[in-house]
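The values are calculated or read from the model by the stated rules, or taken from the named source; none is laboratory data. Worth saying up front: this structure is predicted, and the values here are computed from it rather than measured. Positions of Cβ are generated from backbone atoms using ideal geometry, with glycine treated the same way; all protein chains shown enter the neighbour counts. Accessible surface areas use protein heavy atoms only, side chains included; no ligands, DNA or RNA. Shrake-Rupley method; radii C 1.70, N 1.55, O 1.52, S 1.80 Å.
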Amino acid sequence: MTRKLKSISIILSFLILFTSCASQKYFFDTESRERQKELRKNRSGNVFGDIGLMIASLFVMATLEVDTGFYPEGQEFKKLKLVNPTKDTIYVNMLTDVYWDEQNFCDFMDIRIPPHQKCTMLVPVNANYNVYFSNTPEEEDDEMLEINTDAFKRLSLYPGLTVIEDENLNQ
């Protein structure tokens, strides 16, 4: 029984490590790259802490036949995939009013997603972001989307996404 439990825990550990690993190679702003690393460390620590407390809780429940009442806390961060379906590099800046620490917002600046690639990143749960994007590095032609991270797991960004076609006005 212990051999089976050990095998399951090793497999679970590898799955957690592989699903939580993602490169920050598309982040060209140093602060944003460091913030992503901090978010990943924080999230990994929460996951391993919750797993450890759950195992301890199950052990206590089994030996003492008492419910310890431990339930994992709500998730603080979630994965968001930014997808570039175009033939050009997409430049992205994400601004929010959510604080990461006492002095800094949880903004992500200078994300450059190459053609036909995706950028998987961690963002705070239930945060409102203004996503500015364009296929040029200049700010004058940026398009803007307002999103809430609860509503999106994947966001496909392409020029003209926010342009509203007025077919009825032309008639």
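Data for the structure
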{"quantity": "Condition met for V123 (open to solvent by less than 70 Å² (accessible area, probe 1.4 Å), closer than 17 Å to R33 by Cβ and not polar (S, T, N, Q))", "calculated": "yes"}
{"quantity": "Count - residues of the range 126-141 that are part of a loop (DSSP other than H, G, I, E, B) and either closer than 17 Å to L39 by Cα or open to solvent by less than 50 Å² (accessible area, probe 1.4 Å) (or both)", "calculated": "3"}
{"quantity": "Unmet requirement for V47, which otherwise passes all of (1) surrounded by fewer than 17 Cβ atoms within 10 Å (Cβ to Cβ); (2) at pLDDT 70 or above; (3) touching a helix residue (DSSP H, G or I) at 6+ places or on another chain (Cβ under 9 Å)", "calculated": "(2)"}
{"quantity": "Residues of the range 96-110 satisfying the condition of being closer than 16 Å to L39 by Cα and touching a strand residue (DSSP E or B) at 6+ places or on another chain (Cβ under 9 Å)", "calculated": "T96, V98, Y99, W100, F105, C106, D107, F108, M109"}
{"quantity": "Scan of the range 106-125 for residues that are under 12 Å from T89 (Cα atoms), in contact (Cβ under 8 Å) with a residue 40 or more places away in the chain and assigned to a loop (DSSP other than H, G, I, E, B), ordered by number", "calculated": "P114, Q117"}
{"quantity": "Residue count, the range 149-159 (criterion: open to solvent by less than 40 Å² (accessible area, probe 1.4 Å) and either modelled with pLDDT under 90 or assigned to a strand (DSSP E or B) (or both))", "calculated": "1"}
{"quantity": "Matching residues in the range 69-87 - criterion: being modelled with pLDDT under 90 and either open to solvent by 70 Å² or more (accessible area, probe 1.4 Å) or outside any strand (DSSP E or B) (or both)", "calculated": "G69, F70, Y71, P72, E73, G74, Q75, E76"}
